[in-house]
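A.B. asks: Below is one structure. I have some questions about it.
The values are calculated or read from the model by the stated rules, or taken from the named source; none is laboratory data. No experiment lies behind these values; they were computed from the predicted model shown. Don't worry about glycine lacking a Cβ; one is built from the backbone with ideal geometry, like all the others, and counts go over all protein chains shown. Just so you know, the surface numbers come from the protein's heavy atoms only, side chains and all, with ligands and any DNA or RNA stripped out. Shrake-Rupley method; radii C 1.70, N 1.55, O 1.52, S 1.80 Å.
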Amino acid sequence: MYRDDGRVKGYLRAEGQRIVNGDGQELLLRGVGLGNWLLPEGYMWKFPPTNADRPRRIEKLVTDLIGEAAAKEFWVTFRERFITEDDVRQIAAEGLNSIRLPINARWLLEEDDPVRFNPDTLALIDRSIGWCKKYSLYVILDLHGAPGGQTGANIDDSEHDQPELFTNEDYWRRTVELWRMLADRYKDEWIVGGYDLLNEPLPEWFNMHNGKLMPLYKEITAAIREVDDKHMIIIEGAHWATDWSMFTAEEMFDDNLLLQFHKYWSSPDQEGIAPYLEKREMLNKPIYMGEGGENSLGWYAGAFGLYEDHRISWNFWTWKKLDTANSPCSIRRPHHWDLILNYVDGSGEKPDQAASAAILNEYLDNILLGNCDYLPGVLRAVQRKLPLRMPAEHYGHRGRDISWGATADSEIDQAGRRTLTSKEQPNIFRPGDGIRIGFLMTQEGTPNYHWKPDEEWNEEHRLCVTLTARDWVAYPFLCESPAAYTLQIKLRALTESADEGIDEIAELVVHTDRYGHQTINVSSQDWCIISAGQQTISSSGEFELKIEVISGTIVIDWLEWLPVGQ
């Protein structure tokens with residue numbers, strides 16, 4: 001984990017495998033996506049995945065509830081309030097350096113020809129760019145919903161559940177013209193970090209169109225380069241940005257390209273991103289995890305720490321949504337919101353217009369940042385920033401003998417009854433490390449990382465790390481300012497003599513480069529929480545905590561830094 005990057009200054013550009021700023025200094029993009037603002041998504045309103053899953057259907061619902069005139073005013077207010085200067089200021093205060101701004105072409109372009117911008121939507125984009133320049137945040141312009149739709153799913157606001165961008169020449173033409181106009185408008189605006197040409201194009205079931213993706217990227221880029229030779233071009237693979245098979249040396253059509261993948265609900269280890277690391281080396285291009293989130297805070301700590309350790313720029317999805325535990329801003333659920341939800345899913349009657357207006361007006365009040373419940377733990381987990389609880393399996397990813405060390409000795413299994421040679425067997429997580437990682441509770445199978453947005457792992461699904469003598473693991477953390485913390489670790493000891501009831505003390509050493517080290521003895525074979533005492537982190541910045549076993553065997557569930565007094 002590093003924080004020695006260059007400042008937000010000047011045009012970004014791709015230079016080999018790095019992104020550099022206007023001074024030629026390397027910079028990792030660290031940001032959040034502004035989902036639901038200019039392209040509302042039904043799940044962020046708690047709507048079921050039918051009837052109100054995308055902008056056009058949500059708009060229809062609002063009109064149905066309160067009438068056309070009131071609905072028009074609703075959307076004007078929604079766009080004015082959902083993202084304000086307060087939001088941008090808070091994003092910058094979190095230590096981030098970028099935002100990804102999803103755009104719906106249906107709201108940005110007028111419907112008729114010639115192709116031209118809707119002035120109201122354009123004013124919102126201009127205003128947000130101005131705020132980002134004020135608070136030093138690069139803006140990634142993301143065409144989240146292209147004309148006709150690039151995915152044929154809810155996320156692009158498609159009308160007929162088809163990727164008509166690739167089947168209708170008019171939508172193709174309008175997309176190319178849209179990007180040429182955007183590039184012409186922002187060609188001299190350095191705070192615009194890059195042009196993200198298409199979000200998550202062509203899921204697997206529409207792969208018959210995959211051969212059209214690179215030609216479209218080339219045509220869009222050619223139109224951009226007619227007016228703008230400064231800005232970075234960002235391209236995504238097919239199938240939700242995960243399939244990079246079309247990215248070959250022959251298809252790298254521009255000198256200023258950033259390759260983007262997305263990562264949700266999958267194992268946050270090096271094996272899970274190996275194809276993207278290989279392409280980075282092969283093509284000598286920087287890579288960007290442009291969208292990931294919607295999971296547990298423990299997953300965030302593991303996944304985003306993985307990107308940091310591998311020098312991959314990243315963007316968290318998403319900043320704000322209704323009644324959530326895993327986005328930074330939780331919009332408070334309006335009173336009687338269930339009346340609307342029940343109407344949408346067909347289980348209840350339509351609320352009358354006055355009741356609907358009162359509910360929706362309360363929602364409009366609640367979306368302002370100052371009226372949201374702010375959850376600082378979310379971005380602390382994303383950035384591995386203290387105070388923080390870290391699942392034990394998410395130690396650093398910078399390689400053997402740097403982030404971990406493993407002996408070749410055999411181990412004791414988690415029940416403490418027999419000797420294993422598990423370091424010679426594949427793990428269920430981080431299989432190449434040689435550190436034993438298994439389930440907290442005895443069970444078979446593989447970890448399940450596909451959770452609903454409001455779910456957190458329970459003990460049955462959690463993983464733990466087993467360390468024997470001379471094994472060690474190191475955890476990078478970020479401290480914003482000097483402070484005193486209490487370090488706690490949940491663990492237990494294992495012994496070969498467990499069945500005979502004979503306790504054998506395991507000894508471990510906990511140390512960092514900030515406060516020295518402490519030796520701890522553990523004899524309990526039951527899970528317990530031990531304290532390394534009060535530790536003062538003496539300066540801000542990155543530091544690393546190392547846990548090394550001197551003798552015996554220990555199993556670790558998690559470690560947590562708590563501010564003194566909590």
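A.B. asks: Exactly one condition in (1) open to solvent by less than 10 Å² (accessible area, probe 1.4 Å); (2) more than 27 Å from L96 (Cα to Cα) is not met by D170; state its number.
C.D. replies: Result: D170 passes all but (1).
A.B. asks: Between a residue in region 194-206 that is farther than 14 Å from Y288 by Cβ and any residue that is open to solvent by 10 Å² or more (accessible area, probe 1.4 Å) and in a helix (DSSP H, G or I), which pairs come within a Cβ distance under 7 Å, given they are 6 or more apart or on different chains?
C.D. replies: Between residues of region 194-206 that are farther than 14 Å from Y288 by Cβ and residues that are open to solvent by 10 Å² or more (accessible area, probe 1.4 Å) and in a helix (DSSP H, G or I), the close pairs are L202/H209; L202/N210; L202/H239; P203/H239; P203/W240; E204/H239.
A.B. asks: Going by the structure shown, is N207 surrounded by fewer than 21 Cβ atoms within 10 Å (Cβ to Cβ) and touching a Gly at 6+ places or on another chain (Cβ under 7 Å)? Explain how you work it out, then say what you get.
C.D. replies: Details: surrounded by fewer than 21 Cβ atoms within 10 Å (Cβ to Cβ): yes; touching a Gly at 6+ places or on another chain (Cβ under 7 Å): no.
So N207 does not fit the description; no.
A.B. asks: Here is a further query. Residue by residue through region 263-318, note down the ones that are among the aromatic types (F, W, Y) and at negative phi. Step through it out loud before you land on a result.
C.D. replies: So the first thing to find is which residues in region 263-318 are among the aromatic types (F, W, Y), and the list is 264-265, 276, 288, 299-300, 304, 307, 314, 316-317.
Correct list: Y264, Y276, Y288, W299, Y300, F304, Y307, W314, F316, W317.
A.B. asks: Then there is this: Determine which single condition D53 fails, assuming it passes every other condition in (1) surrounded by fewer than 19 Cβ atoms within 10 Å (Cβ to Cβ); (2) touching a Gly at 6+ places or on another chain (Cβ under 7 Å); (3) not small (G, A, S).
C.D. replies: (1)
A.B. asks: Something else about it: Give the residues of region 86-128 that are among the acidic types (D, E) and touching a residue at least 60 places away in the same chain (Cβ under 8 Å), sorted by residue number.
C.D. replies: First, the residues of region 86-128 that are among the acidic types (D, E): 86-87, 94, 110-113, 120, 126.
Within region 86-128, D86, D87, E94 meet the criteria.
A.B. asks: Could you name every one of the strands (runs of 3 or more DSSP E) located completely within region 125-236 that has at least 3 residues being modelled with pLDDT under 95 and more than 22 Å from the chain's Cα centre (by Cα)? Step through it out loud before you land on a result.
C.D. replies: Details: elements: 138-145, 192-196, 232-236.
Output list is empty.
A.B. asks: Let me ask something else about it. From the list I220, I224, I155, I191, which one is surrounded by 19 or more Cβ atoms within 10 Å (Cβ to Cβ), in contact (Cβ under 8 Å) with a residue 60 or more places away in the chain and within 27 Å of R13 (Cα to Cα)?
C.D. replies: Numbers: I220 fails: in contact (Cβ under 8 Å) with a residue 60 or more places away in the chain; I224 fails: in contact (Cβ under 8 Å) with a residue 60 or more places away in the chain; I155 fails: within 27 Å of R13 (Cα to Cα).
Result of the check over I220, I224, I155, I191: I191.
A.B. asks: So how many residues does region 421-452 have that are outside any loop (DSSP other than H, G, I, E, B), open to solvent by 30 Å² or more (accessible area, probe 1.4 Å) and at pLDDT below 90?
C.D. replies: We begin by selecting, within region 421-452, every residue outside any loop (DSSP other than H, G, I, E, B); these are 422-424, 436-439.
Applying the additional criterion that residues be open to solvent by 30 Å² or more (accessible area, probe 1.4 Å) yields 423-424, 436.
Applying the additional criterion that residues be at pLDDT below 90 yields 423-424.
The total comes to 2.
A.B. asks: Determine whether I273 is among the β-branched types (V, I, T), within 19 Å of G396 (Cα to Cα) and out of contact with any Pro (no Cβ under 9 Å at 6 or more places or on another chain). Walk me through how you get there before you give the answer.
C.D. replies: Working: among the β-branched types (V, I, T): yes; within 19 Å of G396 (Cα to Cα): yes; out of contact with any Pro (no Cβ under 9 Å at 6 or more places or on another chain): yes.
Answer is yes for this residue.
A.B. asks: Oh, and also: Condition test on P275, is it without any contact (Cβ under 8 Å) to a residue 24 or more places away in the chain and surrounded by fewer than 17 Cβ atoms within 10 Å (Cβ to Cβ)?
C.D. replies: Details: without any contact (Cβ under 8 Å) to a residue 24 or more places away in the chain: no; surrounded by fewer than 17 Cβ atoms within 10 Å (Cβ to Cβ): yes.
It is false that P275 is without any contact (Cβ under 8 Å) to a residue 24 or more places away in the chain and surrounded by fewer than 17 Cβ atoms within 10 Å (Cβ to Cβ).
A.B. asks: If you don't mind, another one. Would you mind listing the strands (runs of 3 or more DSSP E) fully within region 526-566 where at least 3 residues are among the charged types (D, E, K, R)?
C.D. replies: On the way: elements: 528-537, 541-551, 553-563.
In region 526-566, 541-551 are the strands (runs of 3 or more DSSP E) which contain 3 or more residues that are among the charged types (D, E, K, R).
A.B. asks: Under 8 Å between Cβ atoms, which residue pairs at least 6 apart in sequence (or on different chains) link something in region 31-54 that is within 15 Å of C329 (Cβ to Cβ) and among the polar types (S, T, N, Q) with a partner that is open to solvent by less than 10 Å² (accessible area, probe 1.4 Å) and in a strand (DSSP E or B)?
C.D. replies: N36/K320; N36/K321
A.B. asks: Within region 244-261, count every residue that is surrounded by fewer than 20 Cβ atoms within 10 Å (Cβ to Cβ) and under 25 Å from T446 (Cα atoms).
C.D. replies: Within region 244-261, residues that are surrounded by fewer than 20 Cβ atoms within 10 Å (Cβ to Cβ) and under 25 Å from T446 (Cα atoms) number 0.
A.B. asks: Right, something else. Out of region 280-298, which residues are open to solvent by 10 Å² or more (accessible area, probe 1.4 Å), modelled with pLDDT of 95 or more and of a type in the set (A, V, I, L, M, F, W, C)?
C.D. replies: M282, L283, listed by residue number.
A.B. asks: Among the residues of region 26-42, are any open to solvent by 10 Å² or more (accessible area, probe 1.4 Å) and not charged (D, E, K, R)?
C.D. replies: Within region 26-42, none of the residues are open to solvent by 10 Å² or more (accessible area, probe 1.4 Å) and not charged (D, E, K, R).
A.B. asks: In addition: Mind checking whether some residue in region 129-142 is more than 30 Å from G6 (Cα to Cα) and buried (at least 19 other Cβ atoms within 10 Å of the Cβ)? Working first, answer last.
C.D. replies: Going through region 129-142, the residues more than 30 Å from G6 (Cα to Cα) turn out to be none.
Looking for residues that are more than 30 Å from G6 (Cα to Cα) and buried (at least 19 other Cβ atoms within 10 Å of the Cβ), one finds none in region 129-142, hence no.
A.B. asks: Check I99, I103, I91, I58 and return the single one that is open to solvent by less than 10 Å² (accessible area, probe 1.4 Å) and in contact with a His (Cβ under 8 Å, 6 or more places away or on another chain). If you could, list the steps in order and put the result at the bottom.
C.D. replies: On the way: I99 fails: in contact with a His (Cβ under 8 Å, 6 or more places away or on another chain); I91 fails: in contact with a His (Cβ under 8 Å, 6 or more places away or on another chain); I58 fails: in contact with a His (Cβ under 8 Å, 6 or more places away or on another chain).
Matching residue, one of I99, I103, I91, I58: I103.
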